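Have a look at the structure below, then the notes.
The values are calculated or read from the model by the stated rules, or taken from the named source; none is laboratory data. Quantities reported herein were computed from a predicted structural model and do not represent experimental measurements. Heads up, the Cβs are rebuilt from the backbone with ideal geometry, glycines too, and the neighbour counts pull from every protein chain shown.
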Ligand SMILES: [Zn+2]
């Protein structure tokens, strides 16, 4: 599943190819995504210039002159840029052609992604109006985690993955950040001190920044290829390493289930 760093990499990969360009045509081959792609999208977008591409949580926000296309990659979505005409593949559902001859193509085998259009403000949009702060913003810090967690019995890992607390901390990065901060995933959020929450917030920012940096090396893949950066080749300390030796103390890592997701931690390094 694309996580925040993949979405940010997608944003940066698309930007130089299509920002400033005018939409010539929109093709919807299959509108049946997580929500139906509006049939009017081609007429709404045609002739509009793309001003910039932003990201909020895992949503890509294509800012046009009169409105915004909100796109989400869902479970398996990916975007790619074509500089020459190529026949569509099976799961190529949406396509935008621009004045410079560039084509943006959206592929999504499982169709949990989204392509929506709105003209109201972000704060009024049902998918954006209750989101917590961005993890890489100053608004997200240890003080926020401490304040929101008081008296909470919820496991700290699930608390950290709650979009109202902070957006975009998926399973991989929650596991890694908790390891780097030395905090056990199942500890009650309300029992963690302010000082440890400061460590955790720093760890979240560091793992995401590292992933975004390594994603930068895959940017060339956006042009005339399958456009799937996949999971970045980065050093993962715990995710996917259940029962393997801890890289810090060599003891065996432990794997548990929390909220239906796999959690891996080191019983010695994480308390
Ligand atoms: Zn260890």
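Okay, here's what the table says:
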read-out: Residue selected from region 95-117 under the condition part of a strand (DSSP E or B) and touching a helix residue (DSSP H, G or I) at 6+ places or on another chain (Cβ under 8 Å), by the criterion farthest from residue 36 (Cα to Cα); value: 98
read-out: Counted residues, region 148-194 - those being at negative phi and over 18 Å from the mean Cα position of the chain (by Cα); value: 24
read-out: Number of the condition not met by residue 25 [criteria: (1) surrounded by 15 or more Cβ atoms within 10 Å (Cβ to Cβ); (2) in contact with a strand residue (DSSP E or B) (Cβ under 6 Å, 6 or more places away or on another chain); (3) modelled with pLDDT of 95 or more]; value: (1)
read-out: Among residues of region 45-103, those that are free of Cβ contacts under 8 Å to residues at least 60 places away in the same chain, surrounded by 16 or more Cβ atoms within 10 Å (Cβ to Cβ), farther than 19 Å from residue 31 by Cα and within 13 Å of the chain's Cα centre (by Cα), counted; value: 1
read-out: Members of region 1-22 that are closer than 30 Å to residue 207 by Cβ, over 20 Å from the mean Cα position of the chain (by Cα) and crowded, with 16+ Cβ neighbours inside 10 Å; value: 17, 18
read-out: All positions within region 253-263 that are over 21 Å from the mean Cα position of the chain (by Cα) and either in a loop (DSSP other than H, G, I, E, B) or within 16 Å of the ligand (Cβ to nearest atom) (or both); value: 253, 254, 255, 256
read-out: Tabulated pairs, region 237-262, first within 13 Å of residue 174 (Cβ to Cβ) and free of Cβ contacts under 8 Å to residues at least 12 places away in the same chain, second within 11 Å of the ligand (Cβ to nearest atom) and part of a strand (DSSP E or B), C-beta under 9 angstrom, 6+ apart or interchain; value: none
